[in-house]
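Quick notes on the structure that follows.
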Amino acid sequence: MSGRYTNLSMQCPQSALLHQGQGKRTTMAATTELAYFTFPNRILFGIGSRKELRNELARLGTRHPLVVTDRGVIDAGLLEMAFGRIGSLTVFDEVEPNPTEANCIAGLAVYRARGCDGVIGLGGGSSLDAAKAIRLMSTHGGSLADYDITAGGPTRITSNMPPMMAIPTTAGTGSEAGRGTLIQLPQTGRKTAILSPFLLPSVAICDPELTLGLPPLLTAGTGMDALTHAVESYLSRSLHPICDGIALEALRHIAKGLEASVRDGSDLTARWEMMLGALMAGISFHKGLGIVHALSHSLGSEGRVHHGTLNAILLPHVLRFNRPNCEAKLADLAGQMGVGRNEDAPGHLITLTELLLVRLGLPQHLSQLQGLHADQIPTYAERATKDHCMATNPRTATQEDLERILRAAW
């Protein structure tokens, strides 16, 4: 059996992270209530919602779940903070940034060896995506490449899967309410999307207190991932008015919380805004995304570059390319970001996305990221043309267009 696992019995330690936010809870009377949503999946949202974890496992009929996470989550004390006195747990903690098929195979071996009957993804998007893939592989044969969205994979996915719980510890990917997973596959040589309504987690628990210890740079990168989801889904050429409304509301919350949460990670109000914004942005991109994500998926296949940081750098350049096809929608987004709705609102929005890189302390150019090579731009662009997000971008782009965008961002 490959893969490391840990069998832990939690003793409910008092987490220092929890204490960080305690002083601000008394000022948040309007936001401390636990909310239950049933759209698109069952969602528990609010400060302290993690305390409902035991009840949710019982509701799902799960007695021995596999917790899929990474060492960073373990070292930050978030496993103990989330699970408390939950009992004996089997934990697979070998998930890498931009998870690979090998990660998922190792996790599946632990799942089977320990006789698990459900999956819990705890962490950022990588952990949640790996958990979804392990869940799929536990009952579906073949390799993950068989379920690639670009190769008819969704038709091969059935509802025959064990229960899954998603517990995000970042406010970024929205994977807790997403119907897909992104895994780096050797067969395709790229981050590959596997999509199906059956991949939606059975339940998501979204507790802003689990994000209090996230460092500023990761807060910024994951936050820009959420912002990009809201922007690209609203601009998507697909017709989905429900997702349009959710994207705009997501952006309103993100605008309130992004800079504040980077500036002061213990600001629980800002963390609440970001977790809600990221959740809603994740729901909104059921409508589809665009070129920013097509390119970031391609670039993310090289090195271990952070997905949200890639999105942040690429966003202003892609917005300039898309602008001729979506002026009115860009003006709507500008209004949600508080930069006005005058005739130059689209330009102001693009400028703001550039300024955010500086204000959040993020790299401003792709050349600043380790593992990327300018001489590979044609390869990155060609790989992006095969990405599923290309189909819903508001403006059709050729490989040459993508190469120009990459050079401008370099």
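Every read-out reported here was derived from the displayed coordinates using simple, explicitly stated rules and does not represent laboratory data. Since this is a predicted model, take the numbers as computed values, not measurements. In this analysis, Cβ positions are derived from the backbone assuming ideal geometry, glycine residues included, and neighbour counts consider all displayed protein chains.
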**Q.** Under the Karplus curve 6.51 cos²θ - 1.76 cosθ + 1.60, θ = phi - 60°, whole-Hz ³J(HN,Hα) for the range 307-316, x wherever Gly or Pro sits
**A.** 4, x, 5, 4, 4, 4, 5, 6, 3, x
Q) So how far apart, in nm, are the two label points at E327 and A35 if each is 7 Å from Cα heading toward Cβ? A) 3.6
Q: Return the long-range amide H neighbours of E94 (sequence gap of 5 or more, or a different chain), with a cut-off of under 5 Å between placed amide H atoms.
A: T69
Q. Each residue of the range 290-300 in order: what ³J(HN,Hα) in whole Hz does its phi give by Karplus 6.51 cos²θ - 1.76 cosθ + 1.60, θ = phi - 60°, with x for Gly and Pro?
A. x, 5, 3, 6, 4, 6, 5, 5, 5, 5, x
Q: Distance between Cα centroids, the range 114-151 to the range 330-354: provide it in whole Å.
A: 39
Q: Taking H placed 1.01 Å from N in the peptide plane, check which residues at least 5 places from H306 or on another chain put their amide H under 5 Å from its amide H.
A: none
Q: Would you indicate which of (i) 21, 37, 23, 16, 3; (ii) 29, 60, 11, 0; (iii) 16, 22, 14, 7, 7, 8, 8, 11, 5, 1, 0, 0 is the value of P(r) over Cα pairs in 20 Å bins from 0, in percent derived from the coordinates of this structure?
A: (ii)
Q) So, in Å, what gap is there between the alpha-carbon centers of the range 173-238 and the range 254-326? A) 9
Q. Which far-off residues, 5 or more places away or on another chain, put their amide H under 5 Å from the one on R190, with H placed in the peptide plane?
A. L185
**Q.** Length released on extending from A391 to N342, taking residue separation times 0.36 nm less the Cα-Cα span
**A.** 14.6 nm
(Q) If I stretch the segment between S367 and E96 completely, what's the gain in nm (0.36 nm per residue apart, minus their alpha carbon distance), one decimal? (A) 95.3 nm
(Q) Can you compute 3J(HN,Hα) from phi for each residue in the range 54-68, using the Karplus curve 6.51 cos²θ - 1.76 cosθ + 1.60 with θ = phi - 60°, rounded to whole Hz and x for Gly and Pro? (A) 4, 5, 5, 4, 5, 4, 7, x, 9, 9, 9, x, 8, 8, 9
Q: For the range 214-409, take the alpha-carbon Rg, divide it by the Kirkwood Rh, and send me Rg/Rh.
A: 0.94
Q | Cα-derived Rg to Rh of the range 174-289, Kirkwood definition | A | 1.00
**Q.** Value of [θ]222 nm, deg cm²/dmol, for the chain, DSSP H segments ≥ 4, -39500 (n - 2.57) each, nearest 500
**A.** -13500 deg cm²/dmol
Q.
Quick check: convex hull of the Cα atoms in the range 316-410, volume per residue, rounded to a whole Å³?
A. 106
Q) If you place +1 on the Cβ of every Lys and Arg and -1 on the Cβ of every Asp and Glu, how big does the dipole about the Cα centre of the chain come out, in debye to the nearest 20? A) 680
